[in-house]
1. Determine whether Gly74 is crowded, with 22+ Cβ neighbours inside 10 Å, under 15 Å from Ile33 (Cβ atoms) and of a type outside the set (Val, Ile, Thr).
2. Scan segment 95-133 for residues that are surrounded by fewer than 23 Cβ atoms within 10 Å (Cβ to Cβ) and farther than 30 Å from Arg178 by Cβ and jot them down.
3. Among the residues of segment 227-244, which ones are of a type in the set (Val, Ile, Thr) and farther than 13 Å from Gln31 by Cβ?
4. Which residue, of Ile65, Ile52, Ile33, is over 23 Å from Gly109 (Cβ atoms) and not aromatic (Phe, Trp, Tyr)?
5. Just need a number here: residues in segment 54-76 that are in contact (Cβ under 8 Å) with a residue 24 or more places away in the chain and either within 20 Å of Ser140 (Cβ to Cβ) or among the aliphatic types (A, V, I, L, M) (or both).
6. Here is a check on your reading of the model: is Ser140 among the small types (Gly, Ala, Ser), modelled with pLDDT of 75 or more, surrounded by 19 or more Cβ atoms within 10 Å (Cβ to Cβ) and not in a helix (DSSP H, G or I)?
Amino acid sequence: MSLSIKYWKKNCGAYIKLLDNTENYPAPYTQIITPTLMDLVKKYSKSTDKIIDVGCGEGFITRKIKNLRPNIYGCDLSSEMIDSATKQSPDIEYWTQDIEHTKTFPNKGKFQIAISTLVFMYLENINISLKNIYQYLRPSGYLIVAITHPCFYQQENFRWFQEEENYPYQPGNYLQQRTTIRNIADKFVTHHIHRTIGSYIRAFTASGFNTIDILEPKPQKTPTNVLKKVSKIPIYAIFVLQKS
């Protein structure tokens, strides 16, 4: 059993409950990841292009993209997540798929962009996942991968971003690949696989992708203490890759 199935598939109910099935995502997500991804979708696709959200969860980003590009689809390994996404946006087509182990693909044609938001830190088999996503894309299509920044946001210090006064910032061992297990919130336990920036880029290259850009975006607004901190220390890294 993969760690993604063990933790995310098992605990996705707690995750959905944590968000209360609303747009109630934390400020760093809505003020950094969301606007950055929307800008990239507009830059690398046309209004008629097809886009797939890989690891879509309950469909937050998928719904946002729908406002820009109507031909958006979503997949996730959790049927519970897919049920939640479908209930919130029945006009979007979703399906259950484990991108780490899949051998068959829905007949949806080829996509201009595949987006994977905060998924790759949980994948044990990123090379297999990348090869599977590669099959989804049309020639010269794009893969956009958003992760927590390996240099700064590691599981040793995730509480610092939330409560600086109670938790010291700990750089952690950046060069050591490792898996940690954390209780993120009430009844929501998950894993996190730390990799270096270099290991990600080597995996992208080995899977047939060219790295077009690496973004370390800042928040558009800084109304909270959390956002003030991530205006100085990037919490996310976003890779723009093109199928070679």
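The values are calculated or read from the model by the stated rules, or taken from the named source; none is laboratory data. Keep in mind it's a predicted model, so treat the numbers as computed, not measured. Quick reminder, even Gly has a Cβ in these numbers, built from the backbone with ideal geometry, and neighbours come from all protein chains shown.
1. On the way: crowded, with 22+ Cβ neighbours inside 10 Å: yes; under 15 Å from Ile33 (Cβ atoms): no; of a type outside the set (Val, Ile, Thr): yes.
No; evaluated as a whole, the condition is false for this residue.
2. The answer is Trp95, Thr104, Phe105, Pro106, Asn107, Lys108, Gly109, Lys110, Gln112.
3. Our first condition is that a residue be of a type in the set (Val, Ile, Thr); within segment 227-244, this holds for 230, 233, 235, 238, 240.
Within segment 227-244, Ile233, Ile238, Val240 qualify.
4. Working: Ile65 fails: over 23 Å from Gly109 (Cβ atoms); Ile52 fails: over 23 Å from Gly109 (Cβ atoms).
One residue alone meets the criteria, Ile33.
5. Within segment 54-76, the first condition is being in contact (Cβ under 8 Å) with a residue 24 or more places away in the chain, and the residues that meet it are 54-66, 68-69, 73, 75.
Checking which are either within 20 Å of Ser140 (Cβ to Cβ) or among the aliphatic types (A, V, I, L, M) (or both) leaves us with 54, 61, 65, 68-69, 73.
Residues that pass the stated criteria total 6.
6. Numbers: among the small types (Gly, Ala, Ser): yes; modelled with pLDDT of 75 or more: yes; surrounded by 19 or more Cβ atoms within 10 Å (Cβ to Cβ): no; not in a helix (DSSP H, G or I): yes.
It is false that Ser140 is among the small types (Gly, Ala, Ser), modelled with pLDDT of 75 or more, surrounded by 19 or more Cβ atoms within 10 Å (Cβ to Cβ) and not in a helix (DSSP H, G or I).
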